[in-house]
Every structure is written in C-alpha cells, then in structure tokens.
Amino acid sequence: MVGLAVVFTRDLLKATMLFAIYSLTIAALFALLDAGDVALTEAAVGAGISTVLILAVLALVPRHEKTAKGHNLPALAIVIITGAALVYASFDLPVFGEAGNPVHQHVGPYYIGETYADMGIPNMVAAVLASYRSIDTFGEAVVILTAGIGVYALLSVRPRRRQRREPEQ
Amino acid sequence: MKDNAILVVVARFLIPLMMLFGLYVQFHGEYSPGGGFQAGVLFAAAWILFVFIYGLETGLRIIPERVIYALAALGVLLYGFIGLLGVLLGGRYLDFDPLLASPQAAQQAGIILVEFGVGVTVASVVMVFFMMFARRRAESLEAGLDPDADEDIGQ
C-alpha cells in the first residue's frame, strides 16, 4: 500500500518519505524472517542513506513532478506482455520452501555444515561474503568506489550561470 | 541548524552512539549480523547528521576532503592488498589460509581486514556523495539557479 502511494503521489518530498517508510517495513519483514544481515542493510541503506541522498537531490530539482498528458499505450502493452510472461514462467518454479529445491542442493549445505569448521565464526553470511565469495565482494567494493568517482566527475564541475527567462507579465 | 537546542542535544547524544554502533557492526560482524557495508553506511550517517547540524564546513574540518578521497581508494587497495598477500605467502588470490599458522585464525583475520577495507570505502564514498550534492546546492543557489524559485515562476 505504501508502495502504491509512492507511485501515485506527485509531490517528490512526500514520495521520498513514503519510500523510507516502505524500506523500513521491508527491513522489519526481513528481521521477522531471521535475515538479520539483510534487515540491517535495508534499514541502514534503504531507509537511511538512500533517503538522505534523495533529499539531497531534491534540494537540486523542483519539488513537484511535471504531469504528462495522455497515456503511452505501447508501453502499457509491453508491460502487460512482460508481466504475463513472468507469471506464466512462475508456474514452472519449484514449490516454495521445499527441501529438495535446487537452491538447497547446490553449495548451500556445504556453507551451512562447514563454515564453523573452516572459519570458527558463527555468522555464515560474513563467511560467505568475505571468504568463500571474496572476489565478488572485492568487485562490489570496486563498484562502490567507481560510483563515488562517477558522482565526483559529474558534480565537481561548477554549474554555469544560465540566462534566466524573465517572468512574463 | 546550530540554534535549535533540541536538535543539537539529541544529535550530540546520538552521534557517538551511532559511531560506536558502526564500529560494533564492523568488528563484530563475524558473530552477529553486520559487516563492512552496513558499518560504513552507519559511520557515514553519523557524519551526515553532524553536517546537518553544524554545516559542511565544520564537518570537513573534522575529516578533510582529501582524506575522504584517499580513504575511499585506500579501502579498496587494502582489500586488494590482503588478496595479494595471500599470493605472496604461497596461496591463491584472496586465499586467507597462508596469512597465519592456524587456518581458522587466518580466515578470521582475513575476513576482518577485508571487511574493514569495505567499510572504509563505503563510508568515504557515501560521504563523497553527500558532500557533492550539498555543495552543488550551495553553488546552484550562488549562480542564481534556485529550482524552487523556477517552479514558482512556472506556475
């Protein structure tokens, strides 16, 4: 419901606040599902930093969204076709939460069984992130650095003074 | 916002707690939920709250701009260096086992160091993001490009 409100509101400040509430709700949902790491990330990044950054962007752009007249019918058709294809494909997915599903048969059991013997630490998520899948995490760190460089490159140029149109009488 | 007593008192109370929690999430990440990403974001959030209260200039006096850029790169370099250290000591890239005598201790040391690199990079990059946007706002206003003013004219 909060998500729908985010989509429908035209006031970007309101949308930002609703989006933060949405993130916090999702974080609570993750916490209920015992996914502590994901919940912590969602609460800190989704509800906290993203909101602050979006607010910082909102300080640079006008507060209200421009309304576009009319509807884009081809876009609607594409969305409906894609959605129908995804729903059709979801019928082939294995039953949710069953022990024999492929996702539980691959490397998961090894991590669950051997993490403590290999590392002596109880948090499997940290073990998978930093040790078993270390190169992935290295890539993520590089991606973050690249994002920082990108923002720096875009915003370190001073804005040029534009000729403002005089307000019409 | 320095004049608002409530904000200043609450922020003074919260900022050390946030930083402490960030450190806890960073270095206790192997035992409880957490790790470099979350800790870096928490740490940067504490700094951003400080900037909200005291202004960007004061915030940059605590941690200078050059230091932020250097830390952003150093975090990734620390990560890569730990990986190379494994190679130098006779293992594969990002293989932590050769770092210390006992494989478990070596894995833990590797994880802590690598997560510390991630945390430093994430914290400084988030600081860079916020600093860039905040400064852009000031520069836009200076150049006479207030977005809200534009909107009022349009209506």
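The values are calculated or read from the model by the stated rules, or taken from the named source; none is laboratory data. Computed from a prediction, not measured in an experiment: that's the story for all the values here. Glycine gets a Cβ as well: all are built from the backbone with ideal geometry, and neighbour counts include every protein chain shown.
For region A:68-95, which residues satisfy the criterion of being surrounded by 10 or more Cβ atoms within 10 Å (Cβ to Cβ), modelled with pLDDT under 85 and closer than 24 Å to A:Arg10 by Cα?
In the first step, residues of region A:68-95 are kept if they are surrounded by 10 or more Cβ atoms within 10 Å (Cβ to Cβ); the result is A:72, A:76-85, A:94.
Applying the additional criterion that residues be modelled with pLDDT under 85 yields A:72, A:94.
The answer is A:Asn72, and nothing else.
Can you tell which of A:Ile121, A:Ile144 is β-branched (Val, Ile, Thr), closer than 30 Å to B:Arg135 by Cβ, surrounded by 18 or more Cβ atoms within 10 Å (Cβ to Cβ) and within 7 Å of chain B (Cβ to nearest Cβ)?
A:Ile144
Quick grid of which residues meet (1) in contact with a helix residue (DSSP H, G or I) (Cβ under 7 Å, 6 or more places away or on another chain); (2) among the aliphatic types (A, V, I, L, M); (3) crowded, with 17+ Cβ neighbours inside 10 Å; (4) under 20 Å from A:Glu42 (Cα atoms):
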{"site": "B:Val8", "(1), (2), (3), (4)": "yes, yes, no, no"}
{"site": "B:Gln38", "(1), (2), (3), (4)": "yes, no, yes, yes"}
{"site": "B:Val51", "(1), (2), (3), (4)": "yes, yes, yes, no"}
{"site": "B:Tyr54", "(1), (2), (3), (4)": "no, no, no, no"}
{"site": "B:Pro64", "(1), (2), (3), (4)": "no, no, no, no"}
{"site": "B:Ile68", "(1), (2), (3), (4)": "yes, yes, yes, no"}
{"site": "B:Ala72", "(1), (2), (3), (4)": "yes, yes, yes, no"}
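Any residue at all in region A:109-117 that is exposed (fewer than 10 other Cβ atoms within 10 Å of the Cβ) and either touching a residue at least 24 places away in the same chain (Cβ under 8 Å) or within 14 Å of chain B (Cβ to nearest Cβ) (or both)?
The answer is yes; a qualifying residue exists.
Results for (1) more than 13 Å from chain A (Cβ to nearest Cβ); (2) touching a residue at least 24 places away in the same chain (Cβ under 8 Å); (3) in contact with a Leu (Cβ under 9 Å, 6 or more places away or on another chain), shown as yes or no for each residue.
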{"residue": "B:Glu30", "(1), (2), (3)": "no, yes, no"}
{"residue": "B:Gly40", "(1), (2), (3)": "no, yes, no"}
{"residue": "B:Glu57", "(1), (2), (3)": "yes, no, no"}
{"residue": "B:Arg61", "(1), (2), (3)": "yes, no, no"}
{"residue": "B:Ile68", "(1), (2), (3)": "no, yes, yes"}
{"residue": "B:Ile82", "(1), (2), (3)": "no, yes, yes"}
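Does any residue of region B:102-114 turn out to be facing chain A (nearest Cβ under 7 Å) and either under 19 Å from A:Thr146 (Cβ atoms) or in a loop (DSSP other than H, G, I, E, B) (or both)?
yes
Find the residue count for region A:30-64, including only residues that are over 16 Å from B:Val126 (Cβ atoms) and more than 7 Å from chain B (Cβ to nearest Cβ).
Counting residues in region A:30-64 that are over 16 Å from B:Val126 (Cβ atoms) and more than 7 Å from chain B (Cβ to nearest Cβ) gives 9.
Show me the helices (runs of 4 or more DSSP H) entirely contained within region A:40-136 in which 3 or more residues are closer than 25 Å to B:Gly119 by Cβ.
A:50-58, A:108-119, A:124-127
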